[in-house]
Amino acid sequence: MAYADLREWLNALEGAGDLLQIGAEVHWDREIGAITRLAFSEGGPALLFENITGHRDTISTRLFTGGLATYARVAQAMGLPRQTHYRDLVNEYRQRLKTPMPFREVATGPVKENILLGDAVDLYQFPVPRWHHRDGGRYIVTFAGVVSRDPDSGVLNVGVYRGQVLNKHTIGFLLIGGQHIGQHFIKHQRRGEPMPVAVVLGWDPMLPFIASAPVPAHVSEYDVMGAMRGEATDVVRCETVDLLVPATAEIVLEGQIGTDPSTFMMEGPFGEYTGYYGGLESLKPAMDVTCITHRNDPILRGTLEGTLPGMLNENSVTSAIQRAAVAWSILDTNGVPGVVDVCVHPVTNGTNIVVAIKKFYRGHAKQVAAALWGTGASQQRYKHVMVVDDDIDIHDYAALDWALAYRFNAGENDLVIFPGMIGSPLDPSTRAEDNDVRRFGTGKWNRVLFDCTINWEFEPQEKWDGERYPPTVHLAQEDEDNVRRRWKEYGFKQELTHSAVKRGARD
Ligand SMILES: Cc1cc2nc3c(=O)[nH]c(=O)nc-3n(C[C@H](O)[C@H](O)[C@H](O)COP(=O)(O)O)c2cc1C
């Protein structure tokens, strides 16, 4: 199931007829972003750009994107049939999460084929796109694993955090206090020292999939990648920092992020996951790249953000799976009973989440929301939690709207607002001053629970078969059978192919 490296993954996509190698010359400035956007909008294949203006003779000449932009590709990346349903992807992810597989340190690997130090470090040797026309510059870190170490526990974290090329050896980062790298940053800052980091560009597709997922702080993403791949992650030691990176990665950037605010540099804006430009131009922490290691003829990995609403991208597709699976696993491990399904609709990237429960008691929906909001996983996620009964198909927007219409009553405590919580600083519905990461460490959210389950304070009614709600309206089975039998006799030319209504739970 595991892909040894990015190249094996590209071969697999090619084998599935789901990779387009673009040999025509394309410009890194906006053209790659525009092509990717149009390709995503058509549900097109993953893209390997092979002829990029100004990069015919640079260290890296190729850029790969879109490898996880559809559920079929994610299924293939997980070693599952490409037609696997979203619901099964979520469940499989949840199962695999249970058994992290420790990473293995090995002596060396292809990522050490080339080692560049000092003046040889030049980020312009890589075909980095300026993805959107209002972006502040070229973003080299979009779907890469940024590795840092918790200075207290020693745990290695791997996260996806955006990074802009500021000059030939400097990358500006959007670091949010609530994220694990943000916490490492604060710890290093309190010790008065810079933070060592390594950026991994291009490896097994599980790298960006897991690095962008909420993994608990005491667990290394490398161990979760092992669990997802069914094979331990082989890592090698970096040259200039005390960090570990996959031995078969394409490119690794090593260096330090200064924690002294006087070293911060201007970064942003960037077309963000919300569909808006976010994290506008401001002073942000900057990485001084001290070393680059790379394979021969390395392939750069990137992704396009800012496509929502209207078209999905790698972030929205992967978020829909991992943020639902992680939420479900949080509910399981925290003793919230009766969860039957969890769904993150990809257009919300996990900002909204829907949970279906077989209700056990009054307050059950509130317990769901409280459990989610109390965890580190809720940073940038789960702003709006909607809880429905198990007869609602949470994958169907119309069913959710119906539940909101008739099972929700704001005057009956079905609306709960948890104000002033941690939130995404990229959410434009929060006032700009409340999204000041340097001042507050994170954004500010007023989180909302929509309890769309049947109100257990309503008295059960004998006339309604002992239920709290009246029966739903539908055809009695015998009436439907009778009419089906005589259908042609009524003069209808067309055959009846499906049932007129879903049968109610009480039949
Ligand atoms: C394409 C992409 C870009 C992202 N950019 C950022 C970012 O700039 N800053 C950030 O805090 N999170 C960003 N995220 C979200 C984090 O990767 C995600 O919240 C992850 O869980 C963080 O890892 P951590 O939980 O180990 O901190 C991005 C995710 C994706 C898929």
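The values are calculated or read from the model by the stated rules, or taken from the named source; none is laboratory data. Only a predicted model underlies this, so the values are computations on that prediction, with no experimental measurement involved. Cβ placement follows ideal geometry from the backbone for every residue including glycine, while neighbour counts extend to all protein chains displayed. We work out accessible area using only protein heavy atoms, side chains counted, and drop any ligands, DNA or RNA first. Shrake-Rupley method; radii C 1.70, N 1.55, O 1.52, S 1.80 Å.
Worth a mention:
- Taking the range 413-428 as the range and being in contact with a Phe, Trp or Tyr (Cβ under 9 Å, 6 or more places away or on another chain) and either over 23 Å from Gln380 (Cβ atoms) or free of Cβ contacts under 8 Å to residues at least 12 places away in the same chain (or both) as the test, only Asp414 passes.
- Considered as a group, the residues in the range 218-242 that are more than 22 Å from the chain's Cα centre (by Cα) and buried (at least 20 other Cβ atoms within 10 Å of the Cβ) include one that is nearest to Met101 (Cα to Cα), and that residue is Val235.
- Meets criteria (in contact (Cβ under 8 Å) with a residue 12 or more places away in the chain, more than 28 Å from Asn352 (Cα to Cα) and buried (at least 22 other Cβ atoms within 10 Å of the Cβ)) for Gly255: yes
- From Gly230, Gly182, Gly177, Gly192, residue being more than 28 Å from Asp260 (Cα to Cα), assigned by TED's automatic domain parsing to the domain that holds Leu10 and among the small types (Gly, Ala, Ser): Gly230
- Test: residue in the range 439-452 that is farther than 29 Å from Val347 by Cβ and either touching a helix residue (DSSP H, G or I) at 6+ places or on another chain (Cβ under 8 Å) or outside any loop (DSSP other than H, G, I, E, B) (or both): yes
- Highlighted here would be strands (runs of 3 or more DSSP E) found entirely within the range 325-397 that include at least 2 residues which are at pLDDT below 95 and in the same structural domain as Asn409 (by TED's automatic domain parsing), but there are none.
- Tally of residues being more than 7 Å from the ligand (Cβ to nearest atom), assigned to a loop (DSSP other than H, G, I, E, B) and under 26 Å from Phe126 (Cβ atoms) across the range 167-190: 2
- Taking the criterion of being among the hydrophobic types (A, V, I, L, M, F, W, C) and away from the ligand (no atom under 16 Å from the Cβ), the residues of the range 329-341 that qualify are Leu331, Val336, Val339, Val340.
- Asn157 fulfils the conditions (1) open to solvent by less than 20 Å² (accessible area, probe 1.4 Å); (2) touching a Phe, Trp or Tyr at 6+ places or on another chain (Cβ under 8 Å); (3) within 9 Å of the ligand (Cβ to nearest atom) except for a single criterion, (2).
- Residue within the range 72-82 that is in a loop (DSSP other than H, G, I, E, B) and free of Cβ contacts under 8 Å to residues at least 40 places away in the same chain present: yes
- Ser282 among the polar types (S, T, N, Q), within 15 Å of the ligand (Cβ to nearest atom) and surrounded by fewer than 21 Cβ atoms within 10 Å (Cβ to Cβ): yes
- Ala398 being small (Gly, Ala, Ser), open to solvent by 60 Å² or more (accessible area, probe 1.4 Å) and within 29 Å of Pro470 (Cα to Cα): yes
- Note on the range 205-253: residues that are assigned to a loop (DSSP other than H, G, I, E, B) and away from the ligand (no atom under 16 Å from the Cβ) amount to 12.
- Positions within the range 342-388 being away from the ligand (no atom under 16 Å from the Cβ), within 30 Å of Met311 (Cα to Cα) and open to solvent by 20 Å² or more (accessible area, probe 1.4 Å), in sequence order: His345, His384, Met386
- Some residue of the range 421-444 being among the basic types (Lys, Arg), modelled with pLDDT of 95 or more and open to solvent by less than 30 Å² (accessible area, probe 1.4 Å): no
- Test: Glu457 is more than 16 Å from the ligand (Cβ to nearest atom) and not assigned by TED's automatic domain parsing to the domain that holds Gly374: yes
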